[in-house]
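Every number in this text was worked out from the coordinates using simple rules, so none of it is lab data. Just so it is clear, the structure is predicted and the values come from calculations on it, not from any experiment. Note that we place each Cβ from the backbone using ideal geometry, even for glycine, and neighbour counts take in every protein chain shown.
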Amino acid sequence: MPHAPEDPGGLHILRLCSVFEPETRAGTPAPGAPLLAGALDGRAARFDPIGGMQNHTATLTRCLDSQGHRQTVVTSRLAARAGRSQFGERATVQRTGLAVPRLRQLWALWALPTVWRHGATPVDVVHVHQGEDLAVLPLARLAARRHRCPLVVTLHCSVGHTMTGRSMRARVLQALGGRVERSCLRRADAVITLTDRAADAVRNDGVPADRVHTVPSGYDPGLFAGPHGDVLAGIARPRIGYVGRLAPQKRPDVLVEAFGRMRRRASLVVVGDGPDRGRVARLVAESPVRDRITLGRFIPHRRVPAVLAALDVLVLPSAYEEMGSVLTEAMAAGLPVVASEVGGIPEVVRHGITGLLVPPLDPDALADALDRLVADPVLRERLASGAREHAGSYAWPRLTARVEAIYHRVLGRQGPGRPAA
């Protein structure tokens, strides 16, 4: 029989995610430290550890922790130490696996003992976060069956409907991963998508409509409260910026190429790290306007609002994207955005209202849009005002309440003796 929560005011959530907020080493830069100062073990970039899914899962965990819920987070170790650590007041993070990039999917094998054993407090809900990871969904189904509790899936990137690419890895993920994804989602007690577009795709795959919910990624208002000093002092305005992973999906290389084709004078700031860093650095070095490009490294998420506050335009040139959580943070910072018209981005960036949309992988179109914004400060301010106006619906405290409601709904709906998967 499925158990009732030990404390009706606080649940125990087993959270499974292939990536989570990376650990920073001792000596994290102070708020006034230079932008180029690093705070992460350099090996971590090879694991692609820095992005919206990591920030999403960490912020959701913090918000639920503040509401009195206990959480056990099981994730891959990336470049961090394997083992258990405290996260907030009631949450723990168990990092597993090998520090070998090509074997990162094997983290799920090392996670099996953790998800299998019964602890002192029964698990009420298994909540799995699906990105481009084939291993995490079967692990979650096994965990939900073992603990005889509901399974909730958040779909951060649908490998069957959103992911694109011609590499061998992309083809395998689309073919094999798509089947694994559909099978698991049909058996989940609730599926959370980041956009309505993804929700429609999931329903069309056979998931009952009453089990599908849209809860986007958001931003932490506490990080954006405050004045922020100009961390880009010395870089000429207007400043065009990119903040995120340097990875094939995000295509920062297209932005560097587009910037070199602009007719208007501006500065470009690229902040992030990842497997494509070497390629981006080479393109910057070869650019005819390299003297106006600043290539930074990874910065802790708490410093992102200060970077956004120092920019004039944010660019997200992704080849594919479920949503792009940096877009909501840009809105909170009052930044106009230029983004690829792919995936769920048009649900966040309203063309002509909060930003401009351009075709993906088109550096000429991107350069034209950037020229338009650089040349028209009135347009920039109008889009910035629209961004601020729409930002409130993406605040994490509000989104967390919606996730909590889904937990309680699946707990109330699950019938006696019914396995979750």
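Residue by residue, the range 120-135 carries 3J(HN,Hα) couplings of 5, 10, x, 7, 8, 9, 9, 10, 10, 10, 9, x, 9, 9, 6, 7 Hz when phi is fed to the Karplus relation 6.51 cos²θ - 1.76 cosθ + 1.60 (θ = phi - 60°); x denotes Gly or Pro. For Val358, nonlocal amide neighbours, meaning residues 5 or more places apart or on other chains whose placed amide H falls under 5 Å from its own, are Ala339, Ser340, Glu341. Remark: the range 197-247 carries a charge dipole of roughly 200 debye about the Cα centre, counting +1 on each Lys and Arg Cβ and -1 on each Asp and Glu Cβ.
The phi torsions of the range 251-262, fed into the Karplus equation with coefficients 6.51, -1.76 and 1.60 and a -60° offset, translate into couplings of 6, x, 4, 5, 5, 4, 5, 5, 4, x, 9, 5 Hz, rounded to whole numbers, with Gly and Pro shown as x. In terms of the mean number of neighbouring beta-carbon atoms within 10 Å, the peptides 311-320, 338-347 order highest first as 311-320, 338-347.
For the range 152-159, the Karplus equation 6.51 cos²θ - 1.76 cosθ + 1.60, evaluated at θ = phi - 60°, returns couplings of 10, 10, 9, 9, 7, 8, 6, 6 Hz by residue, with Gly and Pro reported as x. Peptides 387-396, 119-128 ranked from most to least packed, by the mean per-residue count of other Cβ atoms within 10 Å: 119-128, 387-396. Alpha carbon centre of the range 217-251 versus the range 347-388: separation in Å? Spelled out, the Cα-based centre of one part sits 16 Å from the other.
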